[in-house]
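One structure is given here, and the rest of the page talks about it.
The values are calculated or read from the model by the stated rules, or taken from the named source; none is laboratory data. Everything quoted here is computed from the prediction, not taken from an experiment. Reconstructed Cβ throughout: ideal geometry from the backbone, glycine too, with neighbour counts over all protein chains shown.
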Amino acid sequence: MSKTIIITGGAGFIGSHVVRLFVNKYPGYRIINLDALTYAGNLENLRDIEQAPYYVFVKVNILDIKELKNIFERYHPDAVIHLAAESHVDRSILSPMDFVYTNVIGTVNLLNATKDAWAGSFKDKLFYHISTDEVYGSLGEKGFFTETTAYAPNSPYSASKASSDHFVRAYGETFNLPVIVSNCSNNYGPNQFPEKLIPLFINNIVNEKPLPVYGDGLYTRDWLYVKDHARAIDLIFHEGKAGETYNIGGFNEWKNIDLIKLLCRLMDKKLKRTPGSSEQLITYVKDRPGHDRRYAIDASKINRELGWKPSVTFEQGLSETIDWYLENTEWLKRVTNGEYLKYYEEQYGGGGR
Ligand code: NAD
Ligand code: TYD
């Protein structure tokens, strides 16, 4: 079966894994990757598939409604998988408006372009929006986020994602646009920009720089290997039901400090350093404002209805991730350019980091 699918944000971390999976698994599909190539977008992530016959990259900002309409007219997509977003909580605290523009207005632009292009003829069409568990806010010691947990976003990032989820839902209800939303827990893996916890700390350990642990380090996240998220997106895209929401999680909760110590031990081994040396880099720093205490996903719906579960253990995934960063030091050097260093200085201050 042939389809034309627009994937937004395909040059980013998760998007590049989704684009690769679709291009390799469905060679008959035409995949149109729309990405503005912000600091987080990097076509190098897709070098291995860029020559595929039905793969197309278009550099476009989803704020540009005119260009979005042109693209819909040119390619007549059957479906949209929307990942383009500003995605880092700390940046959303420094510059909330960037998140309002891309995540809220950009998503509504895309919904409008899609709705107008499909003009009420929605058979076999799908707008699939990729979101986060952070829209549900923070959990206490117990409990899990389910698909019916009330939204209670606490950061400008999660508020902007929550808003975009609401718009997607509203276009489903008001205009009958066939929509699906999935909300996933924290991803890790190759090609993640080194501002997020795991790649930042791998990079800092390699360079023997301090590891800035926010607050008491007892915040909990549920970690999922990015390739398992891409598998879930594939499954939901093909077998999910329009109008539904699916939670995706790793069944894999870690307190930050325990995860950081595990990372330190693995890195000492891989770098053949004295056991315990990386842990000495741990530095407790000022907490993130509005820091959510705990995220944990109940992923039983996608397991029960679509048969999905993570395929990679955390130990395996983390080990593969570290190996990828150690083998791709040039990638790391290229993405941590002048602009990134400016952000790093603003976020973490001087102090030789
Ligand atoms: P990322 O920051 O690595 O990549 C985002 C991509 O979007 C980049 O390629 C960037 O160039 C592009 N982009 C940004 N603004 C754009 C604009 N205005 N127009 C066009 N393209 C633009 O993000 P990620 O971690 O890969 O996340 C992808 C999606 O998954 C996001 O919607 C995010 O909210 C969601 N998500 C992420 C995680 C996670 O742990 N990273 C977890 C759950 C959900
Ligand atoms: P992050 O990777 O930014 O993901 P999110 O905030 O979206 O969950 O952070 C993961 C956890 O690690 C979060 O509790 C904040 C914490 N953290 C630090 O302690 N130090 C850091 O330098 C960063 C980037 C995050």
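List of remarks:
- Restricted to segment 109-223, the set of strands (runs of 3 or more DSSP E) holding at least 3 residues that are within 13 Å of ligand 2 (Cβ to nearest atom) and touching a helix residue (DSSP H, G or I) at 6+ places or on another chain (Cβ under 9 Å) comprises 186-188, 211-214.
Conditions tested, residue by residue: (1) loosely packed, with under 15 Cβ neighbours inside 10 Å; (2) out of contact with any Leu (no Cβ under 9 Å at 6 or more places or on another chain); (3) on the phi > 0 side of the Ramachandran plot.
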{"position": "THR321", "(1), (2), (3)": "no, yes, no"}
{"position": "LYS333", "(1), (2), (3)": "yes, yes, no"}
{"position": "GLU339", "(1), (2), (3)": "yes, yes, no"}
{"position": "GLU346", "(1), (2), (3)": "yes, no, no"}
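- Considering segment 61-86, the residues that are in a loop (DSSP other than H, G, I, E, B) and crowded, with 19+ Cβ neighbours inside 10 Å include one that is farthest from ligand 1 (Cβ to nearest atom), namely PRO77.
- Enumeration of residues in segment 286-309 that are in a loop (DSSP other than H, G, I, E, B) and either within 15 Å of ligand 1 (Cβ to nearest atom) or farther than 26 Å from PRO96 by Cβ (or both): ASP292, TYR295, ALA296, ASP298, ALA299, GLY307, TRP308, LYS309
- The numbered conditions (1) surrounded by 16 or more Cβ atoms within 10 Å (Cβ to Cβ); (2) under 18 Å from LYS161 (Cβ atoms); (3) within 14 Å of ligand 1 (Cβ to nearest atom) are all true for MET97 except (1).
- The set of residues in segment 217-244 being under 17 Å from LEU83 (Cα atoms) and of a type in the set (Asp, Glu) consists of ASP228, ASP234.
- ILE14 vs. criteria modelled with pLDDT of 95 or more and not in a helix (DSSP H, G or I): no
- Scanning segment 215-240 for residues being more than 21 Å from the chain's Cα centre (by Cα) and among the hydroxyl-bearing types (Ser, Thr, Tyr) gives a total of 0.
- Considering segment 1-19, and only residues there that are over 20 Å from ASN186 (Cα atoms), touching a residue at least 60 places away in the same chain (Cβ under 8 Å) and not hydroxyl-bearing (Ser, Thr, Tyr), the residue that is nearest to ligand 2 (Cβ to nearest atom) turns out to be ILE7.
- Yes/no for GLY250 being farther than 18 Å from TYR128 by Cβ, within 18 Å of the chain's Cα centre (by Cα) and either assigned to a loop (DSSP other than H, G, I, E, B) or β-branched (Val, Ile, Thr) (or both): yes
The rows are residues; the columns are (1) surrounded by fewer than 18 Cβ atoms within 10 Å (Cβ to Cβ); (2) at pLDDT 95 or above; (3) out of contact with any Lys or Arg (no Cβ under 8 Å at 6 or more places or on another chain).
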position: ASP234; (1), (2), (3): yes, yes, no
position: GLY240; (1), (2), (3): no, yes, yes
position: ASP258; (1), (2), (3): yes, yes, yes
position: THR274; (1), (2), (3): yes, yes, yes
position: ARG288; (1), (2), (3): yes, yes, yes
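- Pair list, Cβ < 7 Å and 6+ apart or interchain, from segment 56-72 residues that are within 21 Å of PHE22 (Cα to Cα) and away from ligand 2 (no atom under 16 Å from the Cβ) to residues that are among the acidic types (Asp, Glu) and part of a helix (DSSP H, G or I): VAL60/GLU67
- Any hit, segment 148-157, residues being more than 23 Å from ASN187 (Cβ to Cβ), surrounded by fewer than 22 Cβ atoms within 10 Å (Cβ to Cβ) and either of a type in the set (Asp, Glu) or in contact (Cβ under 8 Å) with a residue 60 or more places away in the chain (or both): no
- Tally, over segment 266-277, of residues that are in contact (Cβ under 8 Å) with a residue 40 or more places away in the chain and more than 17 Å from GLU315 (Cβ to Cβ): 1
- Any hit, segment 299-318, residues being closer than 17 Å to ASN203 by Cβ, touching a residue at least 60 places away in the same chain (Cβ under 8 Å) and not small (Gly, Ala, Ser): yes
- Residue within segment 99-106 that is in a helix (DSSP H, G or I), free of Cβ contacts under 8 Å to residues at least 12 places away in the same chain and not β-branched (Val, Ile, Thr) present: no
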